[in-house]
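Scroll down for the structure; my scribbles are underneath it.
The values are calculated or read from the model by the stated rules, or taken from the named source; none is laboratory data. If you're wondering where the values come from, they're calculated on a predicted model, not measured in any experiment. Don't worry about glycine lacking a Cβ; one is built from the backbone with ideal geometry, like all the others, and counts go over all protein chains shown. Quick note on the areas: whole protein, heavy atoms, side chains included, nothing else; ligands and nucleic acids left out. Shrake-Rupley method; radii C 1.70, N 1.55, O 1.52, S 1.80 Å.
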Amino acid sequence: MTEYKNNNTFSFEITKKIPGKLGRAGIIHTPHGDIKTPAFMCVGTHGEVRFVSMEDLKSINAQAMLSNGYHLRNISPEIAEKGGLSSWSGWDGPTLTDSGGFQVMSLGSGCGKVVSMKRELNVTNAKEEDRLAHVSEDGVQFRDPFTGEDDFIGPEESMQIQCRIGADIHMAYDELTSLADSYEYNVEALARTERWAQRSLEEHKKHRDDLGYRQSLYGVIQGGRWEDLRRSTCKKFAKMDFDGYGLGGAFLKESLGEILRWCNEELPEGKPRHLLGLSHPDDILIGTEMGADTFDCVAPTREARHGKLYTKYGTFNLAKFRDSEELIDEHCDCPTCQAGWTRGKLRELWKSQNQEDKRQYFNLASMHNLRFIIRLTEEAREAILNDTFEEYKKEFLANYYPKKAK
(Lines give C-alpha, C1' and ligand atoms only; values in the text may rest on other atoms or scores of the structure.)
Protein backbone atom coordinates (compact mmCIF):
# COMPACT_ATOMS: atom_id res chain seq x y z
CA MET A 1 0.00 0.00 0.00
CA THR A 2 1.33 3.44 -0.96
CA GLU A 3 2.28 5.73 1.91
CA TYR A 4 1.31 9.36 1.34
CA LYS A 5 2.69 12.37 3.16
CA ASN A 6 0.86 14.89 5.36
CA ASN A 7 -1.79 12.32 6.35
CA ASN A 8 -2.90 12.27 2.71
CA THR A 9 -4.29 15.79 3.04
CA PHE A 10 -3.72 19.24 1.56
CA SER A 11 -3.09 22.35 3.67
CA PHE A 12 -1.20 25.65 3.71
CA GLU A 13 0.60 27.39 6.52
CA ILE A 14 2.03 30.90 6.55
CA THR A 15 5.50 31.02 8.08
CA LYS A 16 6.25 34.76 7.85
CA LYS A 17 4.64 37.82 6.28
CA ILE A 18 6.24 40.80 4.54
CA PRO A 19 5.46 43.77 6.83
CA GLY A 20 2.91 46.11 5.27
CA LYS A 21 2.53 43.94 2.15
CA LEU A 22 0.38 41.02 1.03
CA GLY A 23 3.38 38.74 0.46
CA ARG A 24 4.40 35.86 2.68
CA ALA A 25 6.61 32.79 3.01
CA GLY A 26 4.76 29.56 3.67
CA ILE A 27 4.49 25.82 3.15
CA ILE A 28 1.96 24.01 0.95
CA HIS A 29 1.45 20.48 2.28
CA THR A 30 0.34 17.88 -0.30
CA PRO A 31 0.05 14.05 -0.33
CA HIS A 32 3.29 13.90 -2.36
CA GLY A 33 5.30 16.31 -0.22
CA ASP A 34 5.73 19.93 0.80
CA ILE A 35 6.34 23.05 -1.27
CA LYS A 36 8.18 25.84 0.56
CA THR A 37 6.92 29.12 -0.83
CA PRO A 38 7.49 31.29 -2.73
CA ALA A 39 8.32 28.56 -5.22
CA PHE A 40 8.69 28.08 -8.97
CA MET A 41 7.06 25.00 -10.52
CA CYS A 42 8.95 23.56 -13.47
CA VAL A 43 6.71 23.02 -16.49
CA GLY A 44 6.58 19.42 -17.66
CA THR A 45 3.79 19.78 -20.23
CA HIS A 46 3.59 16.09 -21.10
CA GLY A 47 4.70 14.82 -17.69
CA GLU A 48 8.39 15.59 -18.18
CA VAL A 49 10.45 18.75 -18.51
CA ARG A 50 11.93 18.75 -22.01
CA PHE A 51 15.61 17.66 -22.05
CA VAL A 52 15.75 17.60 -18.22
CA SER A 53 15.58 14.29 -16.33
CA MET A 54 13.90 13.80 -12.95
CA GLU A 55 17.37 13.42 -11.41
CA ASP A 56 18.36 16.75 -12.99
CA LEU A 57 15.26 18.41 -11.51
CA LYS A 58 16.29 17.19 -8.06
CA SER A 59 19.85 18.43 -8.62
CA ILE A 60 18.55 21.99 -9.21
CA ASN A 61 16.31 21.77 -6.11
CA ALA A 62 13.01 21.76 -7.99
CA GLN A 63 10.10 21.28 -5.61
CA ALA A 64 7.13 20.71 -7.93
CA MET A 65 6.19 20.02 -11.54
CA LEU A 66 3.27 21.44 -13.52
CA SER A 67 1.76 19.39 -16.35
CA ASN A 68 -0.90 20.18 -18.88
CA GLY A 69 -4.42 18.77 -18.66
CA TYR A 70 -5.11 19.52 -22.31
CA HIS A 71 -2.04 17.76 -23.67
CA LEU A 72 -2.40 14.73 -21.37
CA ARG A 73 -6.17 14.35 -21.79
CA ASN A 74 -6.08 11.48 -24.27
CA ILE A 75 -3.70 9.34 -22.21
CA SER A 76 -5.29 10.22 -18.85
CA PRO A 77 -6.80 6.70 -18.44
CA GLU A 78 -3.32 5.19 -18.83
CA ILE A 79 -1.93 7.64 -16.24
CA ALA A 80 -4.72 6.70 -13.82
CA GLU A 81 -3.91 3.00 -14.26
CA LYS A 82 -0.30 3.71 -13.25
CA GLY A 83 -1.47 5.39 -10.02
CA GLY A 84 -1.44 9.04 -11.09
CA LEU A 85 0.95 11.65 -12.42
CA SER A 86 3.72 11.27 -9.83
CA SER A 87 4.13 7.51 -10.19
CA TRP A 88 3.51 7.54 -13.97
CA SER A 89 6.04 10.31 -14.65
CA GLY A 90 8.69 9.24 -12.15
CA TRP A 91 8.52 12.62 -10.40
CA ASP A 92 7.85 11.71 -6.78
CA GLY A 93 7.23 15.26 -5.55
CA PRO A 94 4.16 17.52 -5.63
CA THR A 95 2.44 18.08 -8.97
CA LEU A 96 -0.08 20.48 -10.47
CA THR A 97 -2.15 20.41 -13.66
CA ASP A 98 -3.89 23.26 -15.42
CA SER A 99 -7.42 22.81 -16.71
CA GLY A 100 -6.66 22.92 -20.43
CA GLY A 101 -8.77 26.06 -20.67
CA PHE A 102 -5.85 28.25 -21.72
CA GLN A 103 -4.98 25.94 -24.61
CA VAL A 104 -8.49 25.65 -26.00
CA MET A 105 -9.21 29.37 -25.51
CA SER A 106 -6.06 30.35 -27.40
CA LEU A 107 -7.31 28.21 -30.30
CA GLY A 108 -10.36 30.45 -30.26
CA SER A 109 -8.84 33.90 -29.87
CA GLY A 110 -5.91 33.08 -32.13
CA CYS A 111 -3.54 34.59 -29.58
CA GLY A 112 -1.13 31.65 -29.67
CA LYS A 113 0.62 29.87 -26.82
CA VAL A 114 1.39 32.94 -24.74
CA VAL A 115 -1.05 35.67 -23.75
CA SER A 116 0.46 39.00 -24.74
CA MET A 117 1.16 41.53 -21.99
CA LYS A 118 2.35 44.18 -24.48
CA ARG A 119 0.02 46.93 -25.66
CA GLU A 120 2.25 47.75 -28.62
CA LEU A 121 1.55 44.38 -30.25
CA ASN A 122 -2.02 45.56 -30.97
CA VAL A 123 -3.51 42.19 -30.10
CA THR A 124 -6.55 41.24 -32.18
CA ASN A 125 -8.72 38.16 -31.98
CA ALA A 126 -9.04 35.79 -34.92
CA LYS A 127 -12.14 36.18 -37.07
CA GLU A 128 -15.05 33.98 -35.98
CA GLU A 129 -14.84 31.80 -39.10
CA ASP A 130 -11.08 31.24 -38.57
CA ARG A 131 -11.36 30.13 -34.95
CA LEU A 132 -10.56 26.56 -33.93
CA ALA A 133 -12.60 26.87 -30.72
CA HIS A 134 -16.10 28.10 -29.89
CA VAL A 135 -17.35 28.86 -26.39
CA SER A 136 -20.86 28.02 -25.19
CA GLU A 137 -22.44 27.69 -21.76
CA ASP A 138 -21.65 23.98 -21.80
CA GLY A 139 -17.93 24.40 -22.48
CA VAL A 140 -15.62 24.70 -25.48
CA GLN A 141 -16.00 22.89 -28.79
CA PHE A 142 -12.67 22.86 -30.60
CA ARG A 143 -10.65 21.28 -33.36
CA ASP A 144 -7.44 19.63 -32.22
CA PRO A 145 -4.69 21.25 -34.34
CA PHE A 146 -2.55 18.10 -34.06
CA THR A 147 -5.14 15.53 -35.15
CA GLY A 148 -7.67 17.70 -36.99
CA GLU A 149 -10.43 16.01 -34.99
CA ASP A 150 -13.29 17.81 -33.23
CA ASP A 151 -13.30 17.62 -29.43
CA PHE A 152 -15.09 19.16 -26.46
CA ILE A 153 -14.02 20.15 -22.94
CA GLY A 154 -16.39 21.60 -20.38
CA PRO A 155 -15.96 21.94 -16.61
CA GLU A 156 -17.02 18.33 -15.97
CA GLU A 157 -14.73 16.90 -18.66
CA SER A 158 -11.79 18.99 -17.40
CA MET A 159 -12.28 17.74 -13.83
CA GLN A 160 -12.58 14.12 -14.99
CA ILE A 161 -9.40 14.46 -17.07
CA GLN A 162 -7.45 16.08 -14.23
CA CYS A 163 -8.65 13.57 -11.64
CA ARG A 164 -7.49 10.74 -13.90
CA ILE A 165 -4.10 12.44 -14.35
CA GLY A 166 -4.09 12.80 -10.58
CA ALA A 167 -1.86 15.76 -9.77
CA ASP A 168 -1.94 17.03 -6.18
CA ILE A 169 -3.41 20.35 -7.32
CA HIS A 170 -5.85 21.01 -10.17
CA MET A 171 -7.26 24.18 -11.71
CA ALA A 172 -10.97 24.86 -12.19
CA TYR A 173 -12.15 25.34 -15.77
CA ASP A 174 -12.29 29.00 -16.78
CA GLU A 175 -12.70 31.21 -19.82
CA LEU A 176 -9.57 33.18 -20.62
CA THR A 177 -10.19 36.45 -22.42
CA SER A 178 -7.56 38.35 -24.44
CA LEU A 179 -6.42 41.98 -24.37
CA ALA A 180 -8.55 42.48 -27.47
CA ASP A 181 -11.79 41.64 -25.64
CA SER A 182 -14.03 44.49 -24.45
CA TYR A 183 -15.20 45.20 -20.90
CA GLU A 184 -18.67 44.01 -21.91
CA TYR A 185 -17.34 40.68 -23.16
CA ASN A 186 -15.25 40.28 -19.99
CA VAL A 187 -18.42 40.74 -17.90
CA GLU A 188 -20.12 37.97 -19.90
CA ALA A 189 -17.08 35.65 -19.82
CA LEU A 190 -16.48 36.19 -16.11
CA ALA A 191 -20.08 35.30 -15.23
CA ARG A 192 -19.61 32.10 -17.26
CA THR A 193 -16.31 31.36 -15.48
CA GLU A 194 -18.06 31.76 -12.12
CA ARG A 195 -20.76 29.27 -13.17
CA TRP A 196 -18.10 26.91 -14.49
CA ALA A 197 -16.24 27.23 -11.17
CA GLN A 198 -19.25 25.87 -9.28
CA ARG A 199 -19.64 23.04 -11.79
CA SER A 200 -15.91 22.29 -11.49
CA LEU A 201 -16.20 22.06 -7.71
CA GLU A 202 -19.17 19.74 -7.82
CA GLU A 203 -17.58 17.38 -10.36
CA HIS A 204 -14.17 17.47 -8.66
CA LYS A 205 -15.62 16.34 -5.34
CA LYS A 206 -16.97 13.21 -7.05
CA HIS A 207 -13.53 12.13 -8.28
CA ARG A 208 -10.85 13.75 -6.08
CA ASP A 209 -10.21 10.54 -4.11
CA ASP A 210 -10.43 8.09 -7.04
CA LEU A 211 -6.70 7.31 -7.06
CA GLY A 212 -6.39 6.83 -3.30
CA TYR A 213 -5.02 10.22 -2.33
CA ARG A 214 -6.71 13.58 -1.91
CA GLN A 215 -6.51 15.79 -4.99
CA SER A 216 -7.12 19.51 -4.44
CA LEU A 217 -8.74 22.19 -6.58
CA TYR A 218 -7.88 25.86 -7.12
CA GLY A 219 -10.41 28.33 -8.47
CA VAL A 220 -9.04 30.45 -11.33
CA ILE A 221 -9.48 34.22 -11.08
CA GLN A 222 -10.22 36.17 -14.26
CA GLY A 223 -11.56 39.69 -14.83
CA GLY A 224 -9.03 41.17 -17.22
CA ARG A 225 -7.66 44.59 -16.31
CA TRP A 226 -10.77 45.88 -14.50
CA GLU A 227 -10.74 46.39 -10.73
CA ASP A 228 -14.50 46.00 -10.25
CA LEU A 229 -14.51 42.64 -12.07
CA ARG A 230 -11.43 41.34 -10.25
CA ARG A 231 -12.63 42.30 -6.79
CA SER A 232 -16.20 41.08 -7.28
CA THR A 233 -15.17 37.65 -8.58
CA CYS A 234 -12.58 37.23 -5.79
CA LYS A 235 -15.28 37.94 -3.18
CA LYS A 236 -17.46 35.24 -4.75
CA PHE A 237 -14.62 32.72 -5.04
CA ALA A 238 -13.63 33.40 -1.42
CA LYS A 239 -16.99 31.97 -0.32
CA MET A 240 -16.57 28.82 -2.44
CA ASP A 241 -14.93 25.64 -1.25
CA PHE A 242 -11.65 25.91 -3.15
CA ASP A 243 -8.32 24.75 -1.68
CA GLY A 244 -6.46 27.67 -3.25
CA TYR A 245 -6.53 30.03 -6.21
CA GLY A 246 -4.97 30.44 -9.63
CA LEU A 247 -4.37 34.05 -10.60
CA GLY A 248 -4.88 34.28 -14.35
CA GLY A 249 -5.96 36.47 -17.21
CA ALA A 250 -4.66 38.83 -19.84
CA PHE A 251 -3.39 42.21 -18.68
CA LEU A 252 -0.53 44.59 -19.32
CA LYS A 253 2.76 43.86 -17.59
CA GLU A 254 2.87 47.23 -15.82
CA SER A 255 -0.51 46.44 -14.19
CA LEU A 256 0.59 43.14 -12.61
CA GLY A 257 1.21 44.40 -9.08
CA GLU A 258 -1.98 46.43 -8.97
CA ILE A 259 -4.15 43.57 -10.28
CA LEU A 260 -2.65 41.10 -7.81
CA ARG A 261 -3.32 43.57 -5.00
CA TRP A 262 -6.98 43.85 -6.00
CA CYS A 263 -7.30 40.05 -6.01
CA ASN A 264 -5.33 39.17 -2.91
CA GLU A 265 -6.93 41.85 -0.76
CA GLU A 266 -10.22 39.97 -1.32
CA LEU A 267 -9.09 36.32 -1.31
CA PRO A 268 -8.71 34.41 2.00
CA GLU A 269 -5.24 34.87 3.44
CA GLY A 270 -4.97 31.26 4.61
CA LYS A 271 -5.14 29.64 1.17
CA PRO A 272 -2.31 29.45 -1.40
CA ARG A 273 -2.29 31.41 -4.67
CA HIS A 274 -0.61 30.41 -7.92
CA LEU A 275 0.33 33.04 -10.51
CA LEU A 276 -0.22 31.35 -13.85
CA GLY A 277 2.34 31.50 -16.64
CA LEU A 278 4.83 34.19 -15.52
CA SER A 279 8.50 33.78 -14.62
CA HIS A 280 10.52 36.90 -15.40
CA PRO A 281 12.34 38.00 -12.24
CA ASP A 282 10.42 41.27 -11.90
CA ASP A 283 7.11 39.39 -12.28
CA ILE A 284 8.13 36.89 -9.59
CA LEU A 285 9.32 39.53 -7.11
CA ILE A 286 6.31 41.78 -7.67
CA GLY A 287 4.07 38.71 -7.52
CA THR A 288 5.65 37.57 -4.27
CA GLU A 289 5.32 41.02 -2.72
CA MET A 290 1.65 41.15 -3.71
CA GLY A 291 0.74 37.77 -2.26
CA ALA A 292 1.38 35.11 -4.93
CA ASP A 293 2.94 31.93 -3.52
CA THR A 294 3.83 29.79 -6.53
CA PHE A 295 4.70 30.44 -10.17
CA ASP A 296 5.13 28.57 -13.45
CA CYS A 297 6.19 29.37 -17.00
CA VAL A 298 7.72 27.67 -20.04
CA ALA A 299 10.04 30.66 -20.63
CA PRO A 300 13.19 29.48 -18.76
CA THR A 301 13.51 26.29 -20.82
CA ARG A 302 12.13 27.70 -24.07
CA GLU A 303 14.51 30.69 -23.94
CA ALA A 304 17.41 28.39 -23.06
CA ARG A 305 16.78 26.38 -26.23
CA HIS A 306 16.96 29.61 -28.23
CA GLY A 307 20.31 30.61 -26.73
CA LYS A 308 19.00 33.10 -24.16
CA LEU A 309 20.61 32.54 -20.77
CA TYR A 310 20.01 34.20 -17.40
CA THR A 311 22.64 35.86 -15.21
CA LYS A 312 22.64 38.05 -12.13
CA TYR A 313 23.22 41.03 -14.45
CA GLY A 314 20.46 40.23 -16.95
CA THR A 315 20.15 37.94 -19.94
CA PHE A 316 22.44 37.44 -22.92
CA ASN A 317 22.35 35.49 -26.17
CA LEU A 318 25.01 32.84 -26.75
CA ALA A 319 25.31 33.71 -30.43
CA LYS A 320 27.75 36.51 -29.57
CA PHE A 321 30.15 34.34 -27.54
CA ARG A 322 32.16 32.24 -30.00
CA ASP A 323 35.33 30.89 -28.29
CA SER A 324 34.48 32.69 -25.02
CA GLU A 325 36.15 31.25 -21.89
CA GLU A 326 33.65 33.09 -19.67
CA LEU A 327 31.21 31.12 -17.52
CA ILE A 328 27.49 31.78 -17.97
CA ASP A 329 27.33 33.34 -14.51
CA GLU A 330 30.15 33.12 -11.98
CA HIS A 331 27.60 33.52 -9.16
CA CYS A 332 25.59 30.45 -10.25
CA ASP A 333 25.37 27.17 -8.32
CA CYS A 334 23.69 25.13 -11.09
CA PRO A 335 25.29 21.84 -12.27
CA THR A 336 26.20 23.43 -15.64
CA CYS A 337 28.15 26.32 -14.13
CA GLN A 338 29.65 24.15 -11.38
CA ALA A 339 30.98 21.76 -14.05
CA GLY A 340 32.80 24.70 -15.67
CA TRP A 341 30.93 24.95 -18.96
CA THR A 342 31.97 28.14 -20.73
CA ARG A 343 29.86 30.30 -23.01
CA GLY A 344 32.05 29.35 -25.95
CA LYS A 345 31.73 25.59 -25.35
CA LEU A 346 27.98 25.86 -24.89
CA ARG A 347 27.67 27.90 -28.09
CA GLU A 348 29.63 25.21 -29.92
CA LEU A 349 27.16 22.53 -28.74
CA TRP A 350 24.18 24.74 -29.57
CA LYS A 351 25.37 25.45 -33.13
CA SER A 352 26.50 21.86 -33.77
CA GLN A 353 24.85 19.83 -36.54
CA ASN A 354 25.19 16.77 -34.31
CA GLN A 355 21.86 16.06 -32.61
CA GLU A 356 23.51 14.58 -29.52
CA ASP A 357 25.52 17.79 -29.06
CA LYS A 358 22.33 19.83 -29.40
CA ARG A 359 20.51 17.66 -26.85
CA GLN A 360 23.40 18.10 -24.44
CA TYR A 361 23.23 21.86 -24.90
CA PHE A 362 19.44 21.89 -24.34
CA ASN A 363 19.96 19.94 -21.11
CA LEU A 364 22.80 22.12 -19.78
CA ALA A 365 21.14 25.42 -20.69
CA SER A 366 17.69 24.40 -19.42
CA MET A 367 19.14 23.32 -16.06
CA HIS A 368 20.93 26.66 -15.75
CA ASN A 369 17.88 28.83 -16.48
CA LEU A 370 15.58 26.75 -14.27
CA ARG A 371 18.04 26.81 -11.40
CA PHE A 372 18.36 30.59 -11.77
CA ILE A 373 14.61 31.10 -11.33
CA ILE A 374 14.31 28.48 -8.58
CA ARG A 375 17.19 30.13 -6.72
CA LEU A 376 15.47 33.50 -7.06
CA THR A 377 12.40 32.13 -5.25
CA GLU A 378 14.62 30.49 -2.61
CA GLU A 379 16.42 33.78 -1.97
CA ALA A 380 13.12 35.68 -1.88
CA ARG A 381 11.83 33.24 0.73
CA GLU A 382 14.99 33.63 2.80
CA ALA A 383 14.70 37.41 2.58
CA ILE A 384 11.09 37.28 3.82
CA LEU A 385 12.13 35.10 6.75
CA ASN A 386 14.96 37.54 7.54
CA ASP A 387 12.79 40.67 7.16
CA THR A 388 14.99 41.89 4.29
CA PHE A 389 12.68 41.31 1.31
CA GLU A 390 12.42 44.97 0.26
CA GLU A 391 16.20 45.37 0.22
CA TYR A 392 16.67 42.06 -1.60
CA LYS A 393 14.11 42.95 -4.26
CA LYS A 394 15.63 46.37 -4.85
CA GLU A 395 19.19 45.05 -5.15
CA PHE A 396 18.24 42.11 -7.38
CA LEU A 397 16.24 44.23 -9.82
CA ALA A 398 18.93 46.94 -9.96
CA ASN A 399 21.46 44.26 -11.01
CA TYR A 400 19.17 42.40 -13.41
CA TYR A 401 17.61 45.45 -15.06
CA PRO A 402 20.42 48.06 -14.86
CA LYS A 403 18.84 50.31 -17.52
CA LYS A 404 15.60 50.55 -15.55
CA ALA A 405 17.50 51.32 -12.34
CA LYS A 406 19.11 54.46 -13.81
### Query
Considering Ser158, Ser178, Ser182, Ser136, which residue is within 15 Å of Gly246 (Cβ to Cβ) and not aromatic (Phe, Trp, Tyr)?
Ser158
### Message
Filter the range 280-333 down to the residues that are crowded, with 16+ Cβ neighbours inside 10 Å, part of a loop (DSSP other than H, G, I, E, B) and free of Cβ contacts under 8 Å to residues at least 40 places away in the same chain and list them by number.
### Response
His280, Phe321
### Selection from the range 56-101 of residues that are within 13 Å of the chain's Cα centre (by Cα) and among the acidic types (Asp, Glu)
Asp98
#### Entry: Filter result (in contact with a helix residue (DSSP H, G or I) (Cβ under 7 Å, 6 or more places away or on another chain) and either open to solvent by less than 30 Å² (accessible area, probe 1.4 Å) or on the phi > 0 side of the Ramachandran plot (or both)) within the range 198-213
Ser200, Glu203, His204, Tyr213
### Message
I want to confirm something. Restricting to the range 34-51 and keeping residues that are open to solvent by 10 Å² or more (accessible area, probe 1.4 Å), of a type outside the set (S, T, N, Q) and not in a strand (DSSP E or B), which single residue is nearest to Ile161 (Cα to Cα)?
### Response
His46
### Message
Any residue that is touching a Cys at 6+ places or on another chain (Cβ under 9 Å), part of a helix (DSSP H, G or I), more than 30 Å from Met290 (Cβ to Cβ) and open to solvent by 10 Å² or more (accessible area, probe 1.4 Å) - is there at least one of those in the range 337-345?
### Response
yes
### Query
Does at least one position in the range 187-207 carry a residue that is assigned to a helix (DSSP H, G or I), at pLDDT below 95, farther than 30 Å from Pro77 by Cβ and not charged (D, E, K, R)?
yes
### Task
Identify all residues within the range 207-248 that are free of Cβ contacts under 8 Å to residues at least 12 places away in the same chain and closer than 19 Å to Glu156 by Cβ; write none if there are none.
Asp209
### Condition met for Arg302 (charged (D, E, K, R) and under 30 Å from Gly246 (Cβ atoms))
yes
### Query
Among the residues of the range 5-28, is there at least one that is surrounded by fewer than 20 Cβ atoms within 10 Å (Cβ to Cβ), of a type in the set (S, T, N, Q) and part of a strand (DSSP E or B)?
yes
### Filter result for Ser216 (open to solvent by 10 Å² or more (accessible area, probe 1.4 Å) and either among the aliphatic types (A, V, I, L, M) or farther than 19 Å from Phe102 by Cα (or both))
no
### Task
Pick out, from the range 76-179, the helices (runs of 4 or more DSSP H) lying fully within it that include 1 or more residues that are more than 15 Å from His207 (Cβ to Cβ), open to solvent by 30 Å² or more (accessible area, probe 1.4 Å) and modelled with pLDDT under 95.
101-109
